[in-house]
1. Can you tell me which residue among 76, 51 is under 16 Å from residue 153 (Cβ atoms) and either in contact (Cβ under 8 Å) with a residue 24 or more places away in the chain or surrounded by fewer than 19 Cβ atoms within 10 Å (Cβ to Cβ) (or both)?
2. Name the residues in segment 130-152 that are farther than 14 Å from residue 120 by Cα, without any contact (Cβ under 8 Å) to a residue 60 or more places away in the chain and surrounded by fewer than 13 Cβ atoms within 10 Å (Cβ to Cβ), would you?
3. Within segment 79-113, track down each residue that is on the phi < 0 side of the Ramachandran plot, part of a loop (DSSP other than H, G, I, E, B) and surrounded by 14 or more Cβ atoms within 10 Å (Cβ to Cβ).
4. Test residue 19 against the stated conditions and say whether it is assigned to a helix (DSSP H, G or I), more than 27 Å from residue 107 (Cα to Cα) and modelled with pLDDT under 90.
5. Scan segment 153-182 for residues that are assigned to a loop (DSSP other than H, G, I, E, B), surrounded by fewer than 19 Cβ atoms within 10 Å (Cβ to Cβ) and modelled with pLDDT of 50 or more and jot them down.
6. Filter segment 114-135 down to residues that are part of a strand (DSSP E or B) and more than 10 Å from the chain's Cα centre (by Cα) and give me whichever is farthest from residue 39 (Cα to Cα).
7. In segment 22-57, how many are assigned to a helix (DSSP H, G or I) and at pLDDT below 65?
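The values are calculated or read from the model by the stated rules, or taken from the named source; none is laboratory data. It should be emphasised that the depicted structure is a prediction, and the values quoted were computed from it without experimental measurement. Every residue, glycine as well, gets a Cβ built from its backbone with ideal geometry; the counts of neighbours run over all protein chains shown.
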């Protein structure tokens, strides 16, 4: 009798484990390599944005051919040529440090993945200005896997708001509230 009870419990555990595993793998999913590729994508994106490496194409090549950046409220840059041109618009070089991203959240989606990452903008030695946090926000990215690698299809850049409810494109409340420091002239 005891042997039958143990066999029954073992069978139930096996079925429960199988059901739990099938729930985890149903729907869109990403591999460990996909997660690593997406982390490298964000590293190239940020480094390329700060340095304009490869004449702006390190940044631009993180996007699909028709990829776009939407900077609210009214700026959209579309396509690799325009993205590279946008990144080259100011004085940059290999030691330019401005964009800091953190708290990368990667979620599988039917079209690839969604990436959400906090952005902190700093002035570190540019134009002989004092080191300061100058802004921040959140990137909301739709990522797609191409034959080359994972690339950004679209990014919405939402600047942090001093008060209230910054909202992401999916209608969720943003968790970041970064306020730029007050100007020294205003003090």
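1. Values: 51 fails: under 16 Å from residue 153 (Cβ atoms).
None of the other options fit; the residue is 76.
2. Within segment 130-152, 130, 147, 148 meet the criteria.
3. 88, 92, 96, 97, 98
4. On the way: assigned to a helix (DSSP H, G or I): yes; more than 27 Å from residue 107 (Cα to Cα): no; modelled with pLDDT under 90: yes.
It is false that residue 19 is assigned to a helix (DSSP H, G or I), more than 27 Å from residue 107 (Cα to Cα) and modelled with pLDDT under 90.
5. Matches in segment 153-182: 161 only.
6. Taking segment 114-135 and keeping what is part of a strand (DSSP E or B), we get 114-123, 132-135.
Going one step further and asking which of them are more than 10 Å from the chain's Cα centre (by Cα), we end up with 120-123, 132-135.
Numbers: 120: 17, 121: 19, 122: 21, 123: 24, 132: 26, 133: 24, 134: 25, 135: 23 Å.
Looking at the filtered set, the residue picked out is 132.
7. Taking segment 22-57 first, the residues assigned to a helix (DSSP H, G or I) are 22-25, 32-51, 53-57.
Now drop any that are not at pLDDT below 65, which leaves 22-25.
Result for segment 22-57: 4.
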